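As structure tokens, the structure follows; a few thoughts come after it.
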Amino acid sequence: MLHGCHKKEHGSEMAQSQHTNSDNLFGVTIKVTEPGYIPAGIKLRGHISDNLITATVTLEDMKNLETDSRVVSISAPRKLHSAKHDTVA
């Protein structure tokens, strides 16, 4: 997903098995230039600092982040799994 992405941070590659359809959700950390800025289309998970956020994104969102001039970098994409099949003991 981040292969060829100019905003990826060093070491932020996805496993080939995660290259699937755009319905899949990924957790990422996004660094922005403007304090408090939240890129359009993402689902905000939390703030690390004024310029660093965590978010849930789709592959389409990742493409949009790549063209967003206020996004400095995108790191550590990881596939998020649905909790609907998990059980609580």
Point to revise | Stretchable slack from residue 47 to residue 75, in nm (0.36 nm times residue separation minus alpha-carbon distance) | key: 8.6 nm
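Provide the gained length on full extension for the span residue 40 to residue 54, in nm with one decimal, where the gain is 0.36 nm per separating residue minus the Cα-Cα distance.
3.7 nm
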Review point. How large is the charge dipole for region 19-69, taken about the Cα centre, if only the Cβ atoms of Lys, Arg (+1) and Asp, Glu (-1) carry charge, to the nearest 20 debye?
Key: 140 debye
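Each reported figure results from applying straightforward, stated rules to the coordinates on display, with no laboratory input. These figures come from a predicted structure and were not determined experimentally. For neighbour counting, all protein chains shown are included, and Cβ atoms are generated from backbone atoms with ideal geometry for every residue, glycine included.
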